[in-house]
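Working notes for the structure below.
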Amino acid sequence: MSLRVDPFGPNAVLVRFAARGELDAFTRCQALLRYLEQHPPVGLIESTPGMTTLLLEFEPGHCPQPEFLGAILADAARLDPDPLAQPRTVEVPVVYDGQDLDAVAARTGLPVSRCVELHAAVTYRVQILGFCPGFPYLSGLDRRLHVPRLDTPRTRVPAGSVAIGGEHTGIYPVSTAGGWNLIGRTDLRLLDPEAALADRRDAFTLHPGDLVRFVPVRHLRDQSAPPPS
Amino acid sequence: MNDPVLELISPGLGASLQDHGRRGWKRFGVPPGGALDDHAACWANLLVGNPLHTPVLELLLHGAVLRVLRPLTVSITGAALIPDAEGLWRTFDLEEDDEVAVPPPESGVWTYLAVRGGFLASRWFGSVSVFPRGGLGSALTARSLLHQAPHAPPHSPPHIGRRWVDPTEQRNYAHPPALRVWPGPQWDLFPEAARDRFFSQPWRISSRSDRTGYRLDGNPLSVSSVPLPSEPVLPGSIQLPPDGVPIVTQRDGPTVGGYPKIGVVDPADLSWLVQCRPGQEIRFIPATCPPLPATRPS
């Protein structure tokens, strides 16, 4: 497994690792995170995963030599997946009425109903959380649904929007600007502000490694209480 | 909570409480937050004898008006110079019912106001920095009341109300130095001509700039159109979307992104950049390169 550590400014390094597919990338990344949690270098303040990258940020003056980190992490990345980690499955009810659904159908050459079928047929894995608080990048999207992001991102995407962009599907936990194609909406709340006040990790409904299934529904249970916007 | 010390009569163009930001939540997609100009924010705290990263009030440009609810010592640093401050960053003793109105700064964008002990406010994932879109707190508005944290008796001189900062530490935001830039993860993907152009041309701060990112106007750079797998982003990262117009990520910006990053502004120089106004010109210079390349075990 090849791994490369480059400086990213004076106080951070970007670890890049090669992976055979997204499951392998996820496993490698989790192995690195687990290693760093068990053997934290002095001054490490943030470890942020990307798809095939891991950003390590340090207190000023504490960033180790990239060569040294590279040698240690190359070993760590070979570690096996955590045998105790049992993925949870979370079901997400979706009304498939997103405003880009027709455009997605046109782009893929498939009928809308087939696009929905393909999207709901897969069990996805939360690859990373990122972009905005609690936004899950879900891997496993059917190749036929790989469509580019919008040329011009929308300035406001409603919270609860289910969207696809490139190789991934995701759910907007909050109302924000965004460039993915909107295909549906859910009332599943992904971010709990009360828990955020108490610094609790369960503020986030979905965590990396969780499995997600989208369940098509006609109506969301609680029409009167849309997700916060 | 104890009695409030200040009432925000008007937030002006924008007001929020900020500290050093949160740590350890970026992997959940939560941006760090925190004072954009940490140089000025730290001096505001030092003036009133606080630890450097105590919560302060961050004010955007002009228009904020505060009413004092009980006798209080405050410090003011950053863009706005208060009329009777003799042009210095300093502290003021204020009496009940005094009003502090933030005048239009001659240069700079952000003004910081600190009270002894700091402001007391809810902490979202460990920071007072709010993220209203996600329901993590709400922005300060007219009539917002500000509370002071309890603090120990001062160890500082009796005339803390007239303290000042060495003028050489005060910045003239109209004349920022050339800002140091380290190579970003996609440095090698940019053609040499684009990299040269990035450093040789002056850039102007775009009016489409805020706490999430500062856009730069200038001659767009040519960018490879191959989308990248999403990658973590640092404050100061210089991202290039397909239109070739750079965006310098700030402390409320997205935690990951798929645009190539030509470089990252040195953290010490980011506090200069954020104080530059729309239309103001800035230049970049290469920071001294750390040793390359990194380890490549097989």
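The values are calculated or read from the model by the stated rules, or taken from the named source; none is laboratory data. Values in this document were obtained by computation on a predicted structure and should not be read as measured data. Glycine also receives a Cβ, built like all others from the backbone with ideal geometry; neighbour counts cover every protein chain displayed.
Of the conditions (1) buried (at least 17 other Cβ atoms within 10 Å of the Cβ); (2) under 21 Å from the mean Cα position of the chain (by Cα), B:Pro241 clears all except one; give me its number. So the condition that B:Pro241 fails would be (2). Only residues that are touching a Gly at 6+ places or on another chain (Cβ under 8 Å) and within 17 Å of B:Trp272 (Cα to Cα) were counted in region B:212-233, giving 2. Every listed requirement among (1) touching a residue at least 60 places away in the same chain (Cβ under 8 Å); (2) closer than 21 Å to B:Lys26 by Cβ; (3) hydroxyl-bearing (Ser, Thr, Tyr) is met by A:Thr89 save one, (2).
Just a yes or no: is a residue in region B:65-78 buried (at least 24 other Cβ atoms within 10 Å of the Cβ), outside the structural domain of B:Gln250 (by TED's automatic domain parsing) and small (Gly, Ala, Ser)? Among the residues of region B:65-78, at least one is buried (at least 24 other Cβ atoms within 10 Å of the Cβ), outside the structural domain of B:Gln250 (by TED's automatic domain parsing) and small (Gly, Ala, Ser), which makes the answer yes. For the residues A:Arg143, A:Arg156, the requirement of being free of Cβ contacts under 8 Å to residues at least 12 places away in the same chain and within 29 Å of A:Leu110 (Cβ to Cβ) singles out A:Arg143.
Of all the numbered requirements in (1) out of contact with any Gly (no Cβ under 8 Å at 6 or more places or on another chain); (2) without any contact (Cβ under 8 Å) to a residue 24 or more places away in the chain, A:Ala120 misses one, and that requirement is (2). Looking only at region B:9-49, which residues are over 18 Å from the mean Cα position of the chain (by Cα), surrounded by fewer than 21 Cβ atoms within 10 Å (Cβ to Cβ) and over 25 Å from B:Val256 (Cβ atoms)? Matches in region B:9-49: B:Ile9, B:Ser10. Restricting attention to region A:161-199, the residues that are among the charged types (D, E, K, R), at the interface with chain B (Cβ under 9 Å from one of its Cβ atoms) and either more than 16 Å from A:Ser139 (Cα to Cα) or crowded, with 22+ Cβ neighbours inside 10 Å (or both) total 2.
A:Asp6 meets the conditions (1) touching a residue at least 12 places away in the same chain (Cβ under 8 Å); (2) within 28 Å of B:Gly21 (Cβ to Cβ); (3) away from every other protein chain (no Cβ under 14 Å) in every case but one. The failed one is (3).
For region A:134-150, the candidate set comprises residues that are part of a strand (DSSP E or B) and more than 11 Å from chain B (Cβ to nearest Cβ); within that set, the residue that is surrounded by the most Cβ atoms within 10 Å (Cβ to Cβ) is A:Leu138.
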